[in-house]
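Chemist: This structure is in structure tokens; I'll ask about it shortly.
The values are calculated or read from the model by the stated rules, or taken from the named source; none is laboratory data. Because the structure is predicted, anything quoted here is derived from the model rather than measured. Here Cβ is always computed from backbone atoms with ideal geometry, including for glycine, and neighbour counts include all displayed protein chains. When the accessible area is computed, the model is the full protein with side chains, heavy atoms only, and any ligands, DNA or RNA have been set aside. Shrake-Rupley method; radii C 1.70, N 1.55, O 1.52, S 1.80 Å.
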Amino acid sequence: MAFSGWITGNWFDLLQSLGIVGGLLFTAWSLRSETTTRRVNNLLAITKGHRDVWTEFYRRPELKRVLSDRADVGQDEITREEEIFINLVVLHLSCVFYARKTGLVFKLEGLRRDVGWFFSLPIPRAVWSKTKLLQNDDFVMFVETCVAGNSRRTNE
């Protein structure tokens, strides 16, 4: 009986409190939904950037040496076009790295293996050795650990 008397006397305060709690729960749900939507949109943007970079590779046959594991950078000089292409890949990868690091995209399975494989190739490795001096330390560490992980897998 005391409880119903309290509700009768405080119904307005109770209703306000329930409205506030309900509003907070709805806001939390909306933020979670918004975060997921933003991550999907960011993933689509990263995919578009990836497609744009690699479409350039397939359009230009003079870049085919970039993916050759038999390219001899000591014998044949790296062309300016190859260097520019690899720098575009580095810029794209840097964006992906920082987007992933800050939680703006979902975890990208296989990213480390892909990065390790690419920068283990002779031409990307040679360009990376010059370009990494211009990159942030944490990004350089990421690429270097990917390459080290790739070399361990190929030696096993």
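Chemist: Quick one: residue 106 ticks every box in (1) open to solvent by less than 80 Å² (accessible area, probe 1.4 Å); (2) modelled with pLDDT of 95 or more; (3) aromatic (Phe, Trp, Tyr) except a single one, so which number is it?
Modeler: For residue 106, the exception is condition (2).
Chemist: Follow-up. Would you be able to say whether some residue in segment 3-21 is within 16 Å of the chain's Cα centre (by Cα) and in a helix (DSSP H, G or I)?
Modeler: No, segment 3-21 contains no residue that is within 16 Å of the chain's Cα centre (by Cα) and in a helix (DSSP H, G or I).
Chemist: Within segment 144-155, is even one residue touching a residue at least 40 places away in the same chain (Cβ under 8 Å), under 21 Å from residue 67 (Cβ atoms) and either in contact with a helix residue (DSSP H, G or I) (Cβ under 7 Å, 6 or more places away or on another chain) or among the acidic types (Asp, Glu) (or both)?
Modeler: no
To keep it simple, each residue is scored yes or no on (1) within 30 Å of residue 32 (Cα to Cα); (2) in contact (Cβ under 8 Å) with a residue 40 or more places away in the chain; (3) open to solvent by less than 40 Å² (accessible area, probe 1.4 Å).
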residue	(1), (2), (3)
55	no, no, no
64	no, no, no
67	no, yes, no
85	no, no, yes
90	no, yes, yes
94	yes, yes, yes
99	yes, yes, yes
141	no, no, no
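Chemist: Taking residue 27, is it open to solvent by 60 Å² or more (accessible area, probe 1.4 Å), part of a helix (DSSP H, G or I) and closer than 25 Å to residue 111 by Cβ? Let's see the steps before the verdict.
Modeler: Details: open to solvent by 60 Å² or more (accessible area, probe 1.4 Å): yes; part of a helix (DSSP H, G or I): yes; closer than 25 Å to residue 111 by Cβ: no.
No.
Chemist: Kindly check whether there is at least one residue in segment 32-41 that is under 19 Å from the mean Cα position of the chain (by Cα), surrounded by 15 or more Cβ atoms within 10 Å (Cβ to Cβ) and under 29 Å from residue 142 (Cα atoms).
Modeler: yes
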